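Notes to accompany the following structure.
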Amino acid sequence: MAGAAHCSLQAKRLLLDPKFEGYKLSLEPLACYQLGLDAAVAEVKLRDDQYTLDHMRAFGMYNYLHLDSWYQDNVYYVDQFGRVMNVSVTLDTALQKPREVFRLPTDLTAYDNRLCASIHFSSSTWVTLSDGTGRLFLIKSGKRGNNASEKWEIVFNEELGSPFIIAHSVSFVKSDMRSVAVLLLRVEKDELDTKGSGFHITLEWVTVAEISKEGDHRYEILKRRVLQGKSVPHYAAIEPSGDGLMIVSYKPFKFMQDEDNKLEENDDAKATDEKKDPLYYWQQTEDDVTITVHIPQEITKDDIKVHFSPDNICVTLKDQPPLMEGKLYSSVDHESCTWIIKDNKSLEISLIKKSEGPRWPELISGDTRGEFIMDSSQCSEIAESLMHLTSEVMNPNPEKENPPCNAQELEECDAFLEDSASLCRFDGDTLKVTHVINLGSNQYLFSVVVDPREMPCFCLRHDVDALLWQPHSDQPENMWEHIATFNALGYVQASKQDKKFMACAPDYSYAALCECLRRVFIYRQPTPLSTVLYNRKEGRQVGQVAKQLVATLEANDPILGFQATSERLFVLTTKTLFLIKVNPGN
């Protein structure tokens, strides 16, 4: 990641509401319809050897309901007979039975180590499908969500190794050649990992393209590239053009290089190691800075030129390019700065600080070729200043005026298991990281497709709010755009200990989450009031209110799938599909 640009997410102030007062529980009834399934959903439970948190995140919390973003209000699932079933909603009160659109050719019951079947809609006419045994299907579907014209036809079908689930896929045309890029997720045993979980995560980026040979059009694998990491990614998506990849994960991913590239990497590493000796060493006190530079023996005093200015320094030897040059971290009294040659081996430069006291974190802005040396007295001074922050006993004096922070007093919403996640953008040609964002405590919440022609959006917690970000791979100056805010949702969701899935409407009109069993919580955006309402404490008129609604499903089976559209929520259990009407139709 040495050459990667370190970026940050810029929230739009106009989309933030600092005066948000919270959600009001609304008792208004929600229309809820249910549809019995002909056959149970093909749920695959975790085996005894799938015991890690990564297995639970990747497979145990898998969303078995698939929303077709290209055709609103069309959902799909795979049943226990290997049938891909579609439910297309036009009128809630006249729901049609789920219809079969495709049947997996594999007898899934014959496989003991299979994963759940997975589907991803690459475009309005292309679908990628995995049966959970390690086989990938590329399907030309025609126009979906329409009984008359929908016909799923296999154009590519190949075994790709150990079982996987499809994380994402896109369809694009380059040089008049149709290509489909797919991201396959695996959790694999790692024999070399003796201290960790014993497993690693791989993301395989497979590109399948149309190849024409003597008039015969076939789809074949064009590229296979593998990334490896130590945690299941929260978010992984291929750019619409197929040129790059974005990953949000707790632990970093890197491409596994082939042997030729490994040799190149080793050469680069050796070259880097050779350059590790510092060009100069520097020390500082509250008043001055001392720089020591080793010089060749043949260099004399007349060969050395040192130029001081209030904010810059330049050191040259003979007629060579400047040895040191650049803007100093802070201003100096340039007329009092001096330099001498010590023992004919080193050049010692003394800089007098203009402002006494503040320590410089670096000597020359952006120059990493030097090494700072701290003397023992400075180490002791810093250790003493930090002593009050540490103790050998828990909360040694809780009655004192400023007691130390007690973790037990923190609310659940203040604690993050993974508080150092990062967002990385990988280039598809160089396989290098081009952009990095350290998400810090901006907890990942969920992803949603707002525009199927763009990458999926991801929602992060910012303070108490939840902010929705839309990646734009084709806009380097605005690669991640803040497009919506769900007020206080970051705080609210943290209190729901049994939550399983989160989602939001593509038009941002509401966000929703469901628990493992029965309950669904809906949080609407603030809307203007039709009646006059006053805040009792402050006596001022309230112009708008945000409502929270709760739906309780009539089912004892666990929730297996959860999807949101602008009008309704779809909730899938083992044997039933529930539809909750949230917004009236246009």
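If you go through the stretch 169-176 one residue at a time, do you hit one that is open to solvent by less than 10 Å² (accessible area, probe 1.4 Å) and within 25 Å of the chain's Cα centre (by Cα)?
Yes, the conditions are met somewhere in the stretch 169-176.
Filter the stretch 88-112 for residues that are aliphatic (A, V, I, L, M), surrounded by 16 or more Cβ atoms within 10 Å (Cβ to Cβ) and modelled with pLDDT under 80 and give the result.
Let us first name the residues in the stretch 88-112 that are aliphatic (A, V, I, L, M), namely 89, 91, 94-95, 101, 104, 108, 110.
If we keep only those that are surrounded by 16 or more Cβ atoms within 10 Å (Cβ to Cβ) as well, we get 89, 95, 101, 104, 108.
If the condition is that a residue be aliphatic (A, V, I, L, M), surrounded by 16 or more Cβ atoms within 10 Å (Cβ to Cβ) and modelled with pLDDT under 80, then L108 is the only one that fits.
Quick one: in the stretch 363-397, which of the residues that are surrounded by 10 or more Cβ atoms within 10 Å (Cβ to Cβ) and of a type in the set (S, T, Y) is modelled with the lowest pLDDT?
S391
Among the residues of the stretch 463-480, write down those that are more than 16 Å from A511 (Cα to Cα) and either touching a residue at least 40 places away in the same chain (Cβ under 8 Å) or not assigned by the TED database to the domain that holds F172 (or both).
P471, S473, D474, M479, W480
When you check V492 against the structure, is it open to solvent by 60 Å² or more (accessible area, probe 1.4 Å) and either of a type in the set (A, V, I, L, M) or modelled with pLDDT under 95 (or both), yes or no?
The answer is no for V492.
When residues of the stretch 40-49 are filtered for being touching a Leu at 6+ places or on another chain (Cβ under 9 Å) and either part of a loop (DSSP other than H, G, I, E, B) or not assigned by the TED database to the domain that holds K575 (or both), how many remain?
Residues in the stretch 40-49 being touching a Leu at 6+ places or on another chain (Cβ under 9 Å) and either part of a loop (DSSP other than H, G, I, E, B) or not assigned by the TED database to the domain that holds K575 (or both): 3 in total.
Run C457 past the list (1) touching a Pro at 6+ places or on another chain (Cβ under 6 Å); (2) open to solvent by less than 30 Å² (accessible area, probe 1.4 Å) and report the number of the one that doesn't hold.
(1) is the only condition that C457 fails.
What pairs come up if the first residue lies in the stretch 444-458 and is in the same structural domain as E567 (by the TED database) and of a type in the set (D, E, K, R), the second is open to solvent by less than 20 Å² (accessible area, probe 1.4 Å) and in a strand (DSSP E or B), and their beta carbons are under 7 Å apart, counting only those six or more places apart or on different chains?
Matching pairs, first to second residue: E454/Q470.
Which residues, taken from the stretch 341-354, are open to solvent by 70 Å² or more (accessible area, probe 1.4 Å) and farther than 18 Å from V293 by Cα?
If the condition is that a residue be open to solvent by 70 Å² or more (accessible area, probe 1.4 Å) and farther than 18 Å from V293 by Cα, then K354 is the only one that fits.
Suppose we filter Q497, Q493, Q470 for residues that are under 24 Å from A167 (Cβ atoms) and not in a strand (DSSP E or B); which single one remains?
On inspection, the qualifying residue turns out to be Q493.
Could you look through the stretch 202-224, keep only residues that are more than 15 Å from S171 (Cα to Cα) and either among the small types (G, A, S) or open to solvent by 70 Å² or more (accessible area, probe 1.4 Å) (or both), and pick out the one that is modelled with the highest pLDDT?
Looking at the filtered set, the residue picked out is R224.
If T338 satisfies all but one of (1) more than 20 Å from P278 (Cα to Cα); (2) open to solvent by less than 80 Å² (accessible area, probe 1.4 Å); (3) touching a residue at least 24 places away in the same chain (Cβ under 8 Å), what's the number of the condition it fails?
Single failed check for T338: (3).
Any chance you could count how many residues in the stretch 328-368 are in a strand (DSSP E or B) and over 43 Å from the mean Cα position of the chain (by Cα)?
Within the stretch 328-368, residues that are in a strand (DSSP E or B) and over 43 Å from the mean Cα position of the chain (by Cα) number 14.
Restricting to the stretch 132-142, name every residue that is closer than 25 Å to Y71 by Cβ, open to solvent by 10 Å² or more (accessible area, probe 1.4 Å) and either touching a residue at least 60 places away in the same chain (Cβ under 8 Å) or assigned to a strand (DSSP E or B) (or both).
Of everything in the stretch 132-142, just one residue is closer than 25 Å to Y71 by Cβ, open to solvent by 10 Å² or more (accessible area, probe 1.4 Å) and either touching a residue at least 60 places away in the same chain (Cβ under 8 Å) or assigned to a strand (DSSP E or B) (or both), namely K140.
Any idea which of L115, L129 is farther than 28 Å from S241 by Cα, open to solvent by less than 20 Å² (accessible area, probe 1.4 Å) and under 33 Å from the mean Cα position of the chain (by Cα)?
L115
Hey, among the residues in the stretch 184-201 that are modelled with pLDDT of 85 or more and basic (K, R), which one's farthest from H120 (Cα to Cα)?
By that ranking, first place goes to K189.
The values are calculated or read from the model by the stated rules, or taken from the named source; none is laboratory data. Since we're looking at a predicted model, the values are computed, not measured. All Cβ positions, glycine included, derive from the backbone under ideal geometry; neighbour counts span all protein chains shown. For accessibility, only protein heavy atoms count, side chains too; no ligands or nucleic acids. Shrake-Rupley method; radii C 1.70, N 1.55, O 1.52, S 1.80 Å.
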